1. What residues qualify as long-range amide H neighbours of residue 100, i.e. H under 5 Å apart, gap of 5 or more or another chain, H built at 1.01 Å from N?
2. Let me know the Rg and Dmax you get for region 1-103 when you use only its Cα atoms, in Å.
3. How much accessible area per residue does the chain have, counting only protein heavy atoms and a probe of 1.4 Å, in square angstrom?
4. With angles folded into 0 to 90 degrees, how steeply does helix 6-18 sit against the dominant principal axis of the chain? Use alpha carbons for both and round to 10.
5. By per-residue mean of other Cβ atoms within 10 Å, what is the highest-first order of 28-37, 75-84, 62-71?
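The values are calculated or read from the model by the stated rules, or taken from the named source; none is laboratory data. Given the structure is predicted, the values throughout are model-derived calculations rather than measurements. Cβ placement follows ideal geometry from the backbone for every residue including glycine, while neighbour counts extend to all protein chains displayed. Keep in mind that these areas ignore ligands, DNA and RNA; they rest on the heavy atoms of the full protein, side chains included. Shrake-Rupley method; radii C 1.70, N 1.55, O 1.52, S 1.80 Å.
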Amino acid sequence: MKLIDKALLDEVSAEAKESQRLRKNYNFHQSLDEKCHRFLNAVEPGTVVEIHRHPAKDESFVLLRGRVVVSTYRDDGSLIERVELNPDEGRYGVNIPKGVWHNLECLESGSVFFECKEGPYAPHDHEGILDLKK
């Protein structure tokens, strides 16, 4: 059993602060080939998660601490919805259905969310990233 506690969140957040990408995953799944990926995702302000989608996978986020904004978009890049997650205000998480364009912006240092999505891991191809320069 692995306890998800303040010490673990602090450890992963410290690694995110030192990362060039300003984010750090802590995987609970043992392999990128597993059918279910479960992990903590620590993010810091300045984290850039480009607008992307998973054509065949739903994705769920539950914010454990901090504040983040999750946004969804149409194919032309126009905004559908923007939601600020903040557990202190009773907004804990979202489920993003497969095929929906989305991104995430960190608003507060030390933000950590639990993420779950279907495996295996597959890097985004050009169809998975929304190119607003077209």
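1. Close amide H contacts, sequence-distant or interchain: 54.
2. So, for region 1-103, Rg and Dmax equal 14.4, 44 Å respectively.
3. 61 Å²
4. Tilt relative to the chain: about 60 degrees.
5. 62-71, 28-37, 75-84
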